[in-house]
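Below you'll find the structure, written out as structure tokens, and then a few comments.
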Amino acid sequence: MPSLTLSPLFLHPSDLAAQTVVRLPLPIVQGNRDYREREVLLLRMDEILRLSGVEAEFLAQEIRAKHERMQTAGGPLADRQRDRVHQYAKQTLRCTIARILSNESHRSFTCHLAESSLLQWFCGIDMQGIIRVPSKSTLQRMESEVPTEIIETLQRLLLTRSAAVTAEGASCLGLADPVDLSMIWMDCTCAKLDIHYPADWVLLRDATRTIMRAIMVIRKHGLSHRMPAPKSFIAAMNQQAMDMSGASRRGRGGDKKRARKRVLRAMKRIVKKVRQHGRRYRDLLEKSWAETDLSQAQAQQIIDRIDGVLQALPAAIKQAHERIIGERIVANDDKKLSLYEPHAQVYVRGKAGADVEFGLQLLLSESAEGLIVDCHLVNNDVVNDTTLLMPAIARIQEAFGQSSAGTVVTDRGFASAANDAALEELGIINSTLPRKPDEMKKLLADPTHQRLHRRRAQTEARIGIFKANFLGDHLPTKGFERQQRFVAWAALAHNLWVLARLEIAATTTAQAS
């Protein structure tokens, strides 16, 4: 396995030494099996974080970042500063993992953390005297401050250590058997985004709400320009939205079309005025923000919010006109699904209950133990699965060495002559299911390939578990970079959860008892 590029050694030794804190024991809870299982899981996850070096590496990365911010790369931090950085970094890592594992919002988790001594112990919260837990805003800031590259480094370190063995041949993490990264199962899914169903006319309603609410904020902070009350535009657009919904349920086919066209024309008239007022207030704020009590950064955020909608609005109006008034089909590649998530894509799956989904394409590669070895979120477009296979193998082998991904198992969506030739050139056992029925029958006649594809059914279940229990119904963040970071956090939390549930070596169990 290749050696990971970890934190540089310019740090002072005292920067890497965290102060040992005497902690109260966990309370003994009897008669609740679910709590005992949860306690065992978190105790094992705590052990894995320490044995794998993931936590130590994260602390070192945070110390290095603190040095760079203070421009003191050659000297150590003061003891009090170092302790604060260690405490904050430890809580950042553990609180984020625990929150994703709990599948709760930041608001719910901070209350849960305040109530649970078990979570306080795992997250490194001082349990003596007054208990102080991070607020929901602090939890969100902790999660968003960590670059995706650092999370992926921690992920590689965790998987590398889970596959490593000691000189005696035992697992470095105390597992009964080291993790095997030589066999990889791949499949694609859709990571849903937090957007409503993308009806064309709904985008006009969204634009009206966003611009008018931004104007209300600007007026609240002291800048105003003559115009009707902003809420009157929102009310008028809501009335048209109700009329549009009702138009589809009244009359015959021709009458429905005429009613929808009439309502859309009324919407366009409202949006035209909304655009004019939004542009006028945007320019006013940019010119006179110093006369308000807003900071320049706050004013710029409002300006950017209005600019984003104003830039996307012409395309949304044209799309609604083409589909409703012109009665013409708009290609998926040209559709605007959301004003706030412009990178959202139409993912045609053709499955029961999920014929079409709206989100981002997500490629998952898992090991035989169910660990997510590679988690790749595709930006801008939904591509053919065949184009994702070889880049994924290249990422895996770059991270874990040429001995990893020695066998690749996928469904028919990844099969192509180019991929077959590339896999053969690399000496990788190709268990991609062929598209032609005769070739598929021939491949599955081999007991080895038959066993590998019987195991492939678990990959579908792994995707379901990851999406339901770690990602949630939809990605809870906005913007591709934030969504990519959250998926990386979710993959790290998932792998810790899987490793904590694997069988422990007998010697480790005996020592613990």
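The values are calculated or read from the model by the stated rules, or taken from the named source; none is laboratory data. Since the structure is predicted, the reported quantities are computational estimates derived from the model, not experimental observations. We place every Cβ from the backbone using ideal geometry, glycine too, and count neighbours over all the protein chains shown.
Quick rundown of the values:
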quantity	calculated
Candidates Leu371, Leu337, filtered to the one that is more than 19 Å from Gln483 (Cβ to Cβ) and among the aliphatic types (A, V, I, L, M)	Leu371
Candidates Thr189, Thr153, Thr160 - the one that is farther than 30 Å from Ala114 by Cα, within 15 Å of the chain's Cα centre (by Cα) and surrounded by 20 or more Cβ atoms within 10 Å (Cβ to Cβ)	Thr189
Of the criteria (1) among the charged types (D, E, K, R); (2) touching a residue at least 60 places away in the same chain (Cβ under 8 Å); (3) assigned to a loop (DSSP other than H, G, I, E, B), which one Glu168 fails	(2)
Residue match in region 420-430 (condition: touching a residue at least 60 places away in the same chain (Cβ under 8 Å) and touching a strand residue (DSSP E or B) at 6+ places or on another chain (Cβ under 8 Å))	no
Flag for Ile303 being crowded, with 17+ Cβ neighbours inside 10 Å, out of contact with any strand residue (DSSP E or B) (no Cβ under 6 Å at 6 or more places or on another chain), outside the structural domain of Gln397 (by TED's automatic domain parsing) and in contact (Cβ under 8 Å) with a residue 40 or more places away in the chain	no
Candidate set from region 334-362 (those that are in contact with a strand residue (DSSP E or B) (Cβ under 9 Å, 6 or more places away or on another chain) and acidic (Asp, Glu)); member that is surrounded by the most Cβ atoms within 10 Å (Cβ to Cβ)	Glu341
Tally, over region 29-49, of residues that are part of a helix (DSSP H, G or I) and farther than 17 Å from Gln155 by Cβ	14
Meets criteria (on the phi < 0 side of the Ramachandran plot, surrounded by fewer than 17 Cβ atoms within 10 Å (Cβ to Cβ), more than 28 Å from the chain's Cα centre (by Cα) and modelled with pLDDT of 80 or more) for Arg36	yes
Residue check, Gly370 touching a residue at least 24 places away in the same chain (Cβ under 8 Å), surrounded by 15 or more Cβ atoms within 10 Å (Cβ to Cβ) and part of a strand (DSSP E or B)	no
Residue count for region 77-104, restricted to those that are small (Gly, Ala, Ser) and either within 12 Å of Ser135 (Cα to Cα) or crowded, with 20+ Cβ neighbours inside 10 Å (or both)	2
Yes/no for Met237 being assigned to a helix (DSSP H, G or I) and touching a residue at least 12 places away in the same chain (Cβ under 8 Å)	yes
Selection count, region 188-213, where residues are of a type outside the set (Phe, Trp, Tyr) and more than 15 Å from Lys273 (Cα to Cα)	14
Matching residues, region 303-334, being of a type in the set (Val, Ile, Thr), in a helix (DSSP H, G or I) and touching a Lys or Arg at 6+ places or on another chain (Cβ under 8 Å)	Ile303, Ile306, Ile317, Ile324, Ile325
Residue among Arg250, Arg209, Arg226 that alone is assigned by TED's automatic domain parsing to the domain that holds Leu285 and at pLDDT 95 or above	Arg209
Unique match (being more than 30 Å from Asn495 (Cβ to Cβ) and either among the acidic types (Asp, Glu) or at pLDDT 95 or above (or both)) among Glu341, Glu286, Glu366, Glu357	Glu286
Hey, Ile151 touching a Leu at 6+ places or on another chain (Cβ under 9 Å), assigned to a helix (DSSP H, G or I) and under 26 Å from Thr292 (Cβ atoms) or not	no
Yes/no for Ala468 being loosely packed, with under 13 Cβ neighbours inside 10 Å and not acidic (Asp, Glu)	yes
Matching entry among Asp200, Asp206, Asp194 (being within 19 Å of Gly308 (Cβ to Cβ), touching a Lys or Arg at 6+ places or on another chain (Cβ under 6 Å) and surrounded by 17 or more Cβ atoms within 10 Å (Cβ to Cβ))	Asp200
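Here's the yes/no breakdown for (1) free of Cβ contacts under 8 Å to residues at least 40 places away in the same chain; (2) among the basic types (Lys, Arg); (3) outside any helix (DSSP H, G or I):
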| position | (1), (2), (3) |
| --- | --- |
| Ala418 | yes, no, no |
| Asp438 | yes, no, no |
| Leu443 | yes, no, no |
| Glu460 | no, no, no |
| Phe470 | no, no, no |
| Asp473 | no, no, yes |
| Lys478 | no, yes, yes |
| His494 | no, no, no |
| Val498 | no, no, no |
